[in-house]
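Single-structure report; data block below.
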Amino acid sequence: MGSEKQGFIWLSALLFLNIFVLSTADVHYYEFSLQESTFTKLCSTKIILTVNGSFPGPEIRVRRGDTVVVNVHNQANYAVSLDWEGVEDTIDGSNNTIQPGENFTYNIELGDEIGTLRWHATSAWAAATVHGAFVILPVANKDYPFPAPTSDQTIILGEWFREELTEANQTIAPGSADAYTINGYPGETYGCSNDTTFEMQVDYQGLYLVRVINAVANETMLFDIERHRLTIVGQNGTYTNRSFTSSLTLAPGQVIDVLLCPNQNVGRYYITARSSSGRHITNGILRYTTTTTSF
């Protein structure tokens, strides 16, 4: 009888915990509009497929266990479907193709996912510009399993093609990119004075959670920040044991979360992304906004 009573108590506690978790979970609504937009990079202008007119696309930011409702309106000329890396099993209609002029609603019920994932178009050509971060924060009032960051920054390594997306080539895997980008910016290495460089501003001895996503389809990318060490704390929607490195190697589609503690002299330092094949290199800037403390 004692064991049955104990089992009942454990079952009651588990049910209470589940009810508590469900009661604290939120529902988040996002509106995605697939549309063609004009962008100028590498000193030439072209039309690309975007979500809400931005490249990269909008970031989804929720908490562990939340429900995410994404209503997608296809205002472009091509049928498109979206892929939600790492959460496919919790999505209603995850393989749905949205025809031009139609819309579809993805219902995503998160479970144990935590950290950073990504979403993107399933077509290889469309995915070059239709992609974004899927950030899953800890449950409210729950600590990180590592020192709490003072801020966080998403960095998406992307690619840029001079060739335009057309109905004829949208189902064909793209060839070699003409440039790589950091959060959509090619930087200063491609010889076009009009190209903008990504800049991340930091405070001396702050602690930043940097979410690095490799959205380049067919290239392993190498990432580093000049004279700064990185602490790896997560990969692909899960926390990991902490490890220390001066650079990251990201396979296509891979996501790595790192802690960055700016502890160098005041100034600016290069953020560098290059392909393992050595085909292209792109730079961003890490800029200190405060100096070292004087005693």
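The values are calculated or read from the model by the stated rules, or taken from the named source; none is laboratory data. The structure displayed is predicted, hence computed values, not measured ones. Every residue, glycine as well, gets a Cβ built from its backbone with ideal geometry; the counts of neighbours run over all protein chains shown. All accessible areas refer to the heavy atoms of the entire protein, side chains included, with ligands and DNA or RNA removed. Shrake-Rupley method; radii C 1.70, N 1.55, O 1.52, S 1.80 Å.
Worth a mention:
- The calculated FRET efficiency for the pair ILE47 and GLN153, based on their C-beta separation and a Förster distance of 41 Å, comes to about 0.90.
- Three-way shape call for segment 27-137 based on the alpha-carbon gyration tensor, with the a/c threshold at 1.5: prolate
- Only protein atoms count toward the accessible area here, which uses a 1.4 Å probe; on segment 27-137, the carbon and sulfur part of that area reaches 42 percent.
- Within the accessible area of segment 151-288, the carbon and sulfur atoms contribute 41%, probe 1.4 Å, all protein chains present.
- Potential lengthening between ASN218 and ASP203 on full extension [0.36 nm per residue; Cα-Cα distance subtracted]: 1.9 nm
- Length released on extending from GLN35 to VAL69, taking residue separation times 0.36 nm less the Cα-Cα span: 10.3 nm
- Amide H partners (placed H, <5 Å) of HIS28, local residues excluded: THR67, VAL68, VAL69
- Net +/- balance of residues flanking THR231 in space, Cβ distance below 10 Å, scoring K and R +1, D and E -1: +1
- Full-stretch length increase - ASP26, ARG287 - with 0.36 nm per residue and alpha-carbon distance subtracted: 90.4 nm
- Three-way shape call for segment 151-288 based on the alpha-carbon gyration tensor, with the a/c threshold at 1.5: oblate
- Cut-off 18 Å (backbone N to label point 7 Å along Cα→Cβ of THR189), residues of segment 30-65: 41-43
- Our note on the geometry: Cα centres of segment 184-216 and segment 246-294, 8 Å apart.
- Accessible area (Å², 1.4 Å probe, nearest 10) - ARG279: 110 Å²
- Charged-residue dipole, Cβ positions (Lys, Arg, Asp, Glu), segment 151-288 about Cα centre, Debye nearest 20: 560 debye
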